[in-house]
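The next block holds one structure in the form of structure tokens; read it before the comments.
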């Protein structure tokens with residue numbers, strides 16, 4: 001709160017500045033670009049750290065936590081926060097010589113403005129409130145910041161990845177390794193859908209372009225590829241990037257760049273994502289909760305309160321992803337007043353298991369087993385299941401198990417219920433297949449291909465709503481306002497200023513053990529806590 005007030009004082013200082021505003025139409029110079037980095041990040045990227053002093057203590061802290069853009073916005077547009085009005089500080093508002101600043105009592109020149117920023121002394125030689133941060137800047141840093149403030153919010157202050165004729169999008173996909181075919185398929189699908197959008201006409205004189213880099217396989221390789229993409233390509237937005245696990249390092253990198261991230265291909269989203277993230281896919285956790293709710297809803301109703309509640313067991317590995325899903329399943333079990341599930345932890349599903357755990361599972365006689373893993377792991381576990389006349393329902397996530405789950409012989413289960421985010425039986429998929437066919441492509445991974453193309457269409461709609469004066473901030477606000485955007489194989493994403501998880505829940509499938517085919521058995525199921 002005090003810091004916000006301090007920035008308000010800074011604006012009061014600057015309103016009267018006599019420094020002239022340069023030609024707003026020209027592209028930013030290298031010096032002005034450096035100033036923009038300081039304005040947005042509180043750092044110039046060098047070894048010379050910018051620090052700031054707050055309050056009476058005299059303690060210095062990194063200015064990265066108090067960057068100008070944090071309060072005043074990337075475009076200097078200002079905002080309302082906590083009942084306070086954080087004023088706009090565009091070049092029109094900030095400097096003298098404009099209609100907004102006529103009548104000011106006393107103007108600033110460059111030296112007094114820098115003194116106010118670094119020493120906290122205003123143009124009338126009065127000491128500003130101690131809540132006003134005092135920034136420790138080198139001469140070069142101060143001059144760069146001043147140069148940029150003259151351009152902030154001007155036509156020439158354009159975002160990375162935008163020219164007069166093009167909007168640069170980018171993605172990272174697995175173009176080498178065991179997922180090469182999937183990566184190349186998604187790359188071709190994105191290119192086809194972008195070509196289809198461009199064919200419909202330019203968006204305020206611009207067409208959409210795409211650059212794709214190989215994400216490789218491991219999280220470390222994905223992080224390295226993303227760093228390279230952002231530093232070399234400098235795109236306007238990232239679309240349908242392959243992030244099977246959006247690690248803290250990858251998330252922080254994208255967050256620091258303040259780049260819009262549209263429909264990342266991940267079932268493990270960051271909790272409470274930043275405004276620049278727009279997730280289409282429901283998380284594994286939300287799919288699991290929906291499946292637990294559906295399973296319980298199909299059971300016969302209890303005749304009286306003394307009837308025993310259904311029993312659930314969870315079988316999972318010690319992978320971090322599995323552990324997070326188990327936490328969600330436990331919570332959903334409690335929400336439905338189930339007893340604590342029996343849990344079997346398989347550290348290495350393909351090797352020998354602790355027989356005491358398997359005996360425990362046999363003794364528990366669960367009504368359902370929620371298995372987390374792939375088809376190969378389920379096949380190995382199925383062989384180890386104790387022989388028993390009691391056969392539970394098997395619950396699982398199709399995105400984890402894969403379609404090969406239907407080929408596992410002699411499953412020790414009476415029925416298989418699988419959660420999936422995709423309704424592949426939607427009649428609109430035929431039209432999508434025709435679009436791909438026009439680009440010599442076919443439906444090979446319908447769910448992911450449709451999500452990728454929907455992401456392209458959402459970006460195009462957001463760009464149209466943003467207008468010719470394009471910026472990331474305005475683009476993000478435009479996406480927030482889009483309602484009931486058709487995705488076809490999923491419910492429309494429900495984005496708003498407080499929600500970046502487009503859909504929560506799943507469709508439920510079963511498997512016909514005789515014909516080895518999937519059959520849908522439910523409409524979209526939203527877990528109870530998300531309703």
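Each reported figure results from applying straightforward, stated rules to the coordinates on display, with no laboratory input. Predicted, not measured: the structure shown is a model, and the values here were computed from it. Counting neighbours? That spans all protein chains shown, and the Cβs are built from the backbone with ideal geometry, glycine included.
A compact table of results
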quantity: Residues 435, 145 arranged by fewest to most Cβ contacts within 10 Å; calculated: 435, 145
quantity: Using alpha-carbon coordinates, inclination of helix 320-335 to the longest axis of the chain, degrees; calculated: 70
quantity: Cα-based helix-to-principal-axis angle, 472-481 vs the chain, degrees rounded to 10; calculated: 50
quantity: Pairs of Cα atoms farther than 20 Å apart, region 162-226, %; calculated: 37
quantity: Nearest 10 degrees, 0 to 90: helix 110-119 Cα axis against the chain principal axis; calculated: 50
quantity: Order of 432, 422, 236 - criterion: other Cβ atoms within 10 Å of each residue's Cβ, fewest first; calculated: 432, 422, 236
quantity: Span per principal axis, largest first, for the Cα atoms of region 430-529 (Å); calculated: 59, 43, 15
quantity: Kirkwood-type radius of the chain, with distances r between different C-alpha atoms, in Å; calculated: 26.2
quantity: Simple spin-label estimate for residue 204 and residue 494 in nanometres, 7 Å along Cα-Cβ; calculated: 3.1
quantity: Three-way shape call for region 145-261 based on the alpha-carbon gyration tensor, with the a/c threshold at 1.5; calculated: oblate
quantity: Peptides ranked, highest mean first, by Cβ atoms within 10 Å: ranges 379-385, 165-171; calculated: 165-171, 379-385
quantity: Ranking of 334, 430, 36 by count of other Cβ atoms within 10 Å, fewest first; calculated: 430, 334, 36
quantity: All-pairs alpha carbon distance profile, region 448-502, 5 Å steps from 0, percent; calculated: 4, 21, 29, 26, 15, 5, 1
quantity: Relative contact order of region 184-331, pairs being alpha-carbon contacts under 8 Å that are 6 or more residues apart, as %; calculated: 14
